[in-house]
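Before any comments, here is the structure.
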Amino acid sequence: MSKIRKNDTVRVIQGRDKGKTGRVLHVYPKENRVLVEGVSFVKKHARRTQKDQQGGIMTKESPISIGKIMYLCKACGKPARINYSKLNDGTKVRSCQKCKEIIA
C-alpha cells in the first residue's frame with residue numbers, strides 16, 4: 001500500500017528529473033508508479049487523424065517509479081517520509097515524519 005496519494009506535492013529524488021517538484025495526477029498501485037505533473041516527459045509519435053489534423057511528435061508525461069519520489073511537506077518545506085497515526089477519536093491520519101504535522 002502506497003502512502004502517496006493523488007494531489008500530493010512530491011519531489012523527485014532520483015533519475016534525470018532529480019530535484020523537480022510536481023503534483024501527483026494519478027497513482028498506479030499495481031505497477032508501483034505515479035504520474036507527476038511536469039516530470040518525466042517522453043516523446044510520442046502521433047499519426048494524423050480526423051481528430052488530430054496536425055500529427056507529428058508530441059511530448060507527454062509518463063509514469064515514474066514510486067521509489068524515486070518523496071512527499072514534500074507543506075509545513076517544513078522539505079521532502080519527508082509519511083507516518084500513519086491514530087487520533088484520540090480513533091481516526092487514522094497521515095503525518096510528516098520530520099515535523100509531525102498532520103497531512104489532510
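Things to note:
- Meets criteria (in a strand (DSSP E or B), modelled with pLDDT of 95 or more and exposed (fewer than 11 other Cβ atoms within 10 Å of the Cβ)) for Val24: no
- Hey, Tyr71 under 11 Å from the mean Cα position of the chain (by Cα), without any contact (Cβ under 8 Å) to a residue 40 or more places away in the chain and surrounded by 12 or more Cβ atoms within 10 Å (Cβ to Cβ) or not: no
- Restricting the range 37-52 to residues that are part of a loop (DSSP other than H, G, I, E, B) and of a type in the set (Val, Ile, Thr) leaves a set whose member that is farthest from the chain's Cα centre (by Cα) is Thr49.
- Some residue of the range 79-89 being assigned by TED's automatic domain parsing to the domain that holds Asp8, of a type in the set (A, V, I, L, M) and in contact (Cβ under 8 Å) with a residue 60 or more places away in the chain: no
- Candidate set from the range 74-104 (those that are farther than 17 Å from Val24 by Cα, touching a Ser or Thr at 6+ places or on another chain (Cβ under 9 Å) and not aliphatic (A, V, I, L, M)); member that is surrounded by the fewest Cβ atoms within 10 Å (Cβ to Cβ): Lys92
The values are calculated or read from the model by the stated rules, or taken from the named source; none is laboratory data. A quick note: this is a predicted structure, and the numbers were derived from the prediction, not measured. Here the Cβ is made from the backbone with ideal geometry for all residues, glycine too, and neighbour counts use every protein chain on show.
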